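One structure is given below, encoded as structure tokens.
The values are calculated or read from the model by the stated rules, or taken from the named source; none is laboratory data. This structure is a prediction, so every number in the text was calculated from the model and none was measured. Note: ideal-geometry Cβ built from the backbone for every residue, glycine included; neighbour counts use all protein chains shown.
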Amino acid sequence: MGGVMERLRYNLKFITEGFLVGADKSIAELRALSLVGVLRWWFRSLLYPHVINSSKELYKYESELFGNTEKASPVRVRFKERNFKQKSETIDKEIKDLDSSISYLGFGNFMGKRQKKAHLQTGDYKLEFILTNGNLKEKLEPLLYIFSQLGSIGSRNRRGFGSLVLIPQGESVYKDWGRFHKGELLKAYRDFLEQFEKENSHDFPFEIYEFRRFNEPLEALKTIGECYRQFRRKLDKLSKNNLRNYLREYGLKKPYFGLPIMYKRGKIKANLKIEENKTRFPSPVRFKVMPSIQGYTVLIIHQKYLFEPSENWEIIVEGYGKQIYTFKSFNRRVFYDFIKSIGAREVIK
């Protein structure tokens, strides 16, 4: 590799607690590999399939920046405290003042009033990118800025946990890394596209909505959590006499917020899954708590281009030990119903 080695240093600041653990769920771990994995996801989502519709071409570009099984990445990532760890004292203990809307958003991290996984405390962590090829900054920095604006990390990060920002410790062509800035975000996306020799007139691949202003991050998380819970409950009205009607009306809606789902009402049990043992569908809807000019806001981020199921990749509803109903596609309208119900303001369409 040619060029001069360069270092990019940042403060990674957690706005909400990040749930990142290893085998021991009582110890939170902040690892470089976890961050690289999230950056890979954003890299792909910013390009595929609307800019690059070939998975082989996408893999080629991704490997040039992050490496693959055959060659190392020219970008090295490290925290000042290697594999930083924090012991949590609240694991599997009752938290009396835990708000139910928080535990609803953090399902899996919390079970009822009990915390089941360790979390990293909010605050700053020192982060460094070592670029072994001197021309990499112009490729990496736009991606890092977009990640700082929209990204999060850890368990349940799509539901607001692990919200973070990156604060550069040197000069940057972008401003306002630590709060949402629409103009700079779109500028970073245009810069990001230039490296692929593609026309940069593509629409931004995420819709973004802004939900209110709050004094504290926890207040923001509680409020969006309660709104989200109430909306989903409206999709959950299930009785033993109207299961089929319920599935026809709502079955395509709730899965849009992610699979798997299990319904249980009285004697009725139904599991929503995808055939061929593909039981998971990650939600295209993300919440992020973000600093604003005054306090904090919740960004609701909607991925426009999904890794959609193929025609034979059906959603199957099972109950009573047999298949009840089969769906061929998802219903995106439910997302806009949710936005309307909470009065969120459109920022990027």
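Out of everything in the stretch 26-44 that is out of contact with any Leu (no Cβ under 8 Å at 6 or more places or on another chain) and either among the hydrophobic types (A, V, I, L, M, F, W, C) or touching a residue at least 24 places away in the same chain (Cβ under 8 Å) (or both), what residue ends up being surrounded by the fewest Cβ atoms within 10 Å (Cβ to Cβ)?
Leu33
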inquiry  = Just to check your reading of the model, which residue among Arg190, Arg156 is on the phi > 0 side of the Ramachandran plot and in contact with a helix residue (DSSP H, G or I) (Cβ under 9 Å, 6 or more places away or on another chain)?
reply    = Arg156
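For a quick check of your reading: which strands (runs of 3 or more DSSP E) sit entirely within the stretch 1-88 and have at least 1 residues that are of a type in the set (D, E, K, R) and closer than 18 Å to Pro142 by Cα?
6-14, 75-79
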request  = Could you tell me whether Ser152 is of a type in the set (Gly, Ala, Ser) and either touching a strand residue (DSSP E or B) at 6+ places or on another chain (Cβ under 8 Å) or surrounded by 14 or more Cβ atoms within 10 Å (Cβ to Cβ) (or both)?
outcome  = yes
message = Among the residues that make up the stretch 45-54, is at least one of them free of Cβ contacts under 8 Å to residues at least 40 places away in the same chain, surrounded by fewer than 16 Cβ atoms within 10 Å (Cβ to Cβ) and at negative phi?
response = yes
Which listed residue is under 30 Å from Lys60 (Cβ atoms), assigned to a loop (DSSP other than H, G, I, E, B), acidic (Asp, Glu) and in the same structural domain as Lys85 (by TED's automatic domain parsing), from Glu197, Glu128, Glu171, Glu141 = Glu197
ask   = When you scan the stretch 56-85, how many residues do you find that are at pLDDT below 90, exposed (fewer than 14 other Cβ atoms within 10 Å of the Cβ) and of a type outside the set (D, E, K, R)?
value = 1
